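First up is the structure itself, then whatever we jot down about it.
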Amino acid sequence: MTKLLIVESPSKAKTLSKYLGGDFEVLASYGHIRNLLPKSEGINTNNFEMKYALIDRNKKHIDAIKKAVKNSDEILLATDPDREGEAIAWHIAEILNEKKLLKNKLIKRVVFQEITKSAIIQAIENPRDIAIALVRAQQSRQALDYLIGFNLSPLLWSKIRYGLSAGRVQSPALRLIMEREEEIKKFVSKEYWTIHLEAKKKQSQFTSKLYLLDNEKVEQFTVTEKTQSEKIQGGLLLKSAGKTRISRVEKKQRSRKPLAPFTTSTLQQQAVRKLGFTTKRTMIIAQKLYEGIDTENETVGLISYMRTDSVTLSNEVVNQIRDYLKSNYEPEYLPQIAIGYKTKSKNAQEAHEAIRPTDISKTPASLKKYLSEEQFKLYEMIWQRTLSCQMTPAIFDAVSVDLEIGKGESIFRASGQTLRFPGFMSVYLEDEDEASEEKENTSILPPLEVGEILNIEKIYGDQHFTEPPPRYSEASLVKTLEEYGIGRPSTYSSIISTLQEREYVLLEKKRFMPTDVGVVVNDFLTEHFSHYVDYDFTAQLESQLDDIAADKKEWLSVLNNFWKDFDHQINEKKDLDRSKITQKDIDEECPKCGKPLLSKLGRRGNFIACSGYPDCDFTRSSNGELPQEPKIVAFDKKTNTNIFLLIGPYGPYLQLGEQKADKKIKPKRITIPNEIPLADLNEETALKLISLPRDLGEHPETGKKIIANIGRFGPYVNHNGKFKSISKDQNIFEISQEQAIELLKPIRKIGDDPEKKESIDIYKGRFGYYIQRGTLKVNIAKDVDLESISLEKSLSLLSKKETEEESKKKKPAKKKPAKKS
């Protein structure tokens with residue numbers, strides 16, 4: 001008999017199989033194995049009994065586990081070391097118990113923070129029971145998300161648009177973005193001036209800023225216009241007679257301490273800022289580094305578990321880092337005492353370690369040949385941050401100097417600093433998301449003494465304007481969510497993806513911009529469900545989940561308290577008038593009939609329409625008037641033809657030239673994508689659009705062209721009959737051949753058709769996954785495991801599809817009934 005070890009992912013199973021001997025069989029559950037039944041069947045809201053069903057795509061994996069259990073005398077559940085992993089372990093145990101497969105068999109939970117041989121052996125030697133409190137916390141979170149999703153989302157469908165969603169964390173995150181947008185709209189820029197003095201000592205020239213004017217401290221808005229600035233400059237020059245006296249010199253040392261090692265949140269923020277990754281991409285790469293990378297001698301996990309709120313490191317790890325520093329750095333880079341870090345984030349979950357390398361001696365350079373470019377960049381950043389956290393502070397020599405005018409009633413101040421000792425900064429520097437306009441002058445100042453008289457080179461003013469707060473980037477949104485205690489860092493990437501997939505926000509120039517539909521959804525939720533998008537309420541709910549996990553709170557009482565109020569509010573809002581939610585009076589008369597104009601939510605966003613429709617058909621975009629007749633917007637010199645803007649059944653489009661009398665001869669047309677507001681449609685943009693499609697060159701594998709173009713469903717790339725949508729954060733006019741090739745890569749290559757000599761691959765489309773050979777496509781059912789599709793099965797499905805299409809072609813066209821004479 002053998003021991004059975006069950007993990008979540010097949011790649012982790014592969015790595016662990018290499019560590020453990022023949023006594024162990026290692027199988028994967030392939031993530032969650034059961035889910036709540038859909039709609040109202042999943043949870044009985046009278047007693048919160050939960051009804052689960054096996055996830056279809058994982059049935060075969062559960063069958064394999066059941067079969068292996070029969071031949072094992074010990075079962076070890078080694079799912080991930082968090083609440084989700086604990087719940088998966090519990091579900092596996094429940095299924096095995098229901099099937100009566102655990103008679104006289106030992107079943108235990110094992111937990112490890114890293115995938116190394118020593119960590120695995122230690123975990124197996126120290127098994128424990130399943131932590132029911134952690135399971136209840138996960139079930140409570142799942143129940144809350146389920147109750148909100150299956151009740152609030154359908155209300156959005158009926159009142160706004162089908163396919164929308166609301167969520168416990170997603171909706172407050174949307175509110176953050178909307179509130180920032182409102183701040184930007186309401187912001188009124190103010191003018192202000194700073195006054196500077198440029199002085200010179202020998203060959204060293206430096207600049208100072210006016211700090212005191214007529215014995216009054218200079219504030220941001222002390223000087224607000226050019227004439228005032230010029231008057232002050234003139235007065236100071238007159239008083240100075242071209243000279244300034246050094247009245248104060250202050251020298252001191254400043255230190256900058258190293259930062260704590262990464263948590264999930266700080267890793268995501270820095271990967272966005274330093275590496276240009278998305279939060280989603282960061283977690284995918286980190287997962288691979290955790291689960292195992294093949295090197296010459298072994299398959300090994302390179303980093304610890306990547307879903308953590310903790311900044312702590314074990315004593316063993318700290319000692320390893322200190323030993324590495326002793327061997328590779330000068331003594332002054334190693335502090336006398338190890339540095340400890342405490343978790344500060346709200347609602348930090350169970351005590352894990354921070355994200356760190358599993359072995360600090362595995363330098364990025366030594367692993368580079370085994371890693372992809374993205375894996376190398378992320379591992380290098382984690383390695384550098386971890387090493388630097390146990391290094392000495394950086395030391396700066398800072399100097400502040402006052403230069404007085406007249407008798408000291410007006411003072412200019414200069415400050416500067418030089419790096420005396422780099423310390424941890426020799427290894428790692430953090431990138432900031434927002435750069436302050438008013439940066440401290442950190443130039444090197446010449447040696448100066450009190451009483452010295454210097455010549456003034458010039459006194460001048462700089463004009464400034466206050467700026468609105470910046471829109472959220474992925475990094476700053478993640479930081480703000482964590483500060484508010486909303487959600488968990490492990491869920492942030494999926495929240496951000498959902499906001500984009502629902503088209504509530506667009507990521508433009510790496511900043512979140514709300515869409516019209518996002519505004520309507522947020523307005524609806526904040527007006528009618530304000531309690532459930534409240535930041536404090538969401539954070540308190542998160543705290544209650546933590547209390548359940550710590551066995552301090554009864555989970556059913558939390559669910560019951562939530563459901564009573566929420567259910568009442570849902571029922572209360574079912575009779576709301578849809579038109580009052582999706583359209584607003586803009587206090588303007590229709591130029592055609594004089595009736596009130598309304599702002600309405602349409603497929604492409606907001607548009608203005610007459611309230612007298614259908615009697616009056618006046619419409620215009622929210623950014624400008626929609627042409628009732630073809631409107632010339634540009635002239636194409638290549639063809640000596642006008643470019644017209646028109647409105648079709650699928651929205652605005654451009655047309656090269658007029659429609660010919662022969663309707664069969666169609667002029668060139670191009671859809672205007674949603675990302676380009678009509679207000680921004682100028683001649684340059686129109687010429688770019690009408691010049692499409694773009695030839696991106698030949699595909700290196702086939703020698704056939706790759707084309708970028710715009711269709712009914714937006715921008716796409718096309719190669720050899722394969723179409724892939726261009727994501728909203730990519731520009732159709734800038735997408736490169738390399739990016740297009742990456743976009744066109746299949747999810748999975750199944751094999752080659754032996755007869756047609758064509759590749760058979762699996763792709764992801766707008767409505768799910770599909771198999772493609774040449775131009776022939778077959779949709780894959782949602783419950784089918786993609787990995788289970790064999791070449792034989794693919795050939796059978798494609799052959800069936802081919803036969804269906806041939807039979808359609810052969811069917812005679814239906815004859816139109818003869819007209820009655």
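The values are calculated or read from the model by the stated rules, or taken from the named source; none is laboratory data. If you're wondering where the values come from, they're calculated on a predicted model, not measured in any experiment. Reconstructed Cβ throughout: ideal geometry from the backbone, glycine too, with neighbour counts over all protein chains shown. To get the accessible areas, we keep the full protein, side chains included, count just its heavy atoms, and leave off ligands, DNA and RNA. Shrake-Rupley method; radii C 1.70, N 1.55, O 1.52, S 1.80 Å.
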#### Entry: Cross-link reach list, aspartates and glutamates versus LYS631, counting only Cα pairs under 17 Å and skipping chain neighbours closer than eight places
GLU658, ASP680, GLU683, GLU684
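Checking the table LYS39/LYS764; LYS200/LYS251; LYS12/LYS756 against a 28 Å threshold on Cα-Cα, which pairs fail?
Exceeds cut-off: LYS12/LYS756.
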#### Entry: Cut-off under 5 Å, modelled amide H: who pairs with GLU25 long-range
LYS3, LEU4, LEU5
### Query
So which aspartates and glutamates pass the test for LYS749, namely a Cα distance under 18 Å, with those fewer than 8 places away in the same chain ruled out?
GLU701, GLU758, ASP761, ASP785, GLU787, GLU792
#### Entry: Globularity index of the chain, i.e. its alpha-carbon radius of gyration over 2.2 N^0.38 Å
1.16
#### Entry: GluC sites (Glu not before Pro) within the stretch 721-761, DSSP loop, no more than 10 other Cβ atoms inside 10 Å
GLU734, GLU755
## Note on the structure
Excluding residues fewer than 8 positions from LYS592 in its own chain, the aspartates and glutamates with Cα under 18 Å of it are ASP615, ASP617, GLU625, GLU629
### Task
Assuming a ≥ b ≥ c are the square roots of the Cα gyration tensor eigenvalues, decide whether the stretch 675-722 counts as rounded (a/c under 1.5), prolate (otherwise, with a/b larger than b/c) or oblate.
prolate
### Task
Give LYS600/LYS722; LYS202/LYS252; LYS580/LYS724 a once-over and call out the pairs whose C-alpha atoms are over 32 Å from each other.
LYS600/LYS722; LYS580/LYS724
### Summary
Sequence order, the stretch 606-614: Karplus ³J(HN,Hα) from phi using 6.51 cos²θ - 1.76 cosθ + 1.60, θ = phi - 60°, Hz rounded, Gly and Pro as x, gives 6, 9, 9, 9, 6, 5, x, 4, x
### Query
In the chain, which whole DSSP H runs stretch at least 30 Å along their own axis (Cα) and average 1.6 or higher on the Kyte-Doolittle scale?
none
### Task
Name the residues whose placed amide hydrogens come within less than 5 Å of the amide hydrogen of TYR211, ignoring near sequence neighbours (fewer than 5 apart) on the same chain.
ILE411, PHE412, ARG413
### Task
Name the cysteines of the chain that stand alone by the Cβ rule: no other cysteine Cβ under 4.7 angstrom.
CYS389
### Accessible area per residue in Å² at 1.4 Å probe, computed on the stretch 283-371
51 Å²
### Message
Given a 1.4 angstrom probe, I'd like the percentage of the accessible area of the stretch 227-315 that is carbon and sulfur, rounded to a whole number.
### Response
50 percent
## Note on the structure
Given a 1.4 Å probe, the accessible area of the stretch 768-808 per residue, as a whole number of Å², is 61 Å²
### Message
Could you tell me which residue out of ALA549, PHE277, ASN606 lies farthest along the dipole of the chain toward its positive end? Charges go on the beta carbon: Lys and Arg +1, Asp and Glu -1, centred on the Cα centre.
### Response
ASN606
### Task
For the stretch 463-472, take each phi angle, set θ = phi - 60°, evaluate the Karplus expression 6.51 cos²θ - 1.76 cosθ + 1.60, and give the result in whole Hz per residue in order, putting x for glycine and proline.
8, 9, 9, 5, 10, x, x, x, 5, 5
### Task
Enter the accessible area of PHE537 (Å², nearest 10), with the probe set to 1.4 Å and all protein chains included.
30 Å²
### Task
Would you check the stretch 278-378 for Lys pairs whose C-alpha atoms are within less than 23 Å, ignoring same-chain pairs closer than 8 in sequence, and give me the count?
12
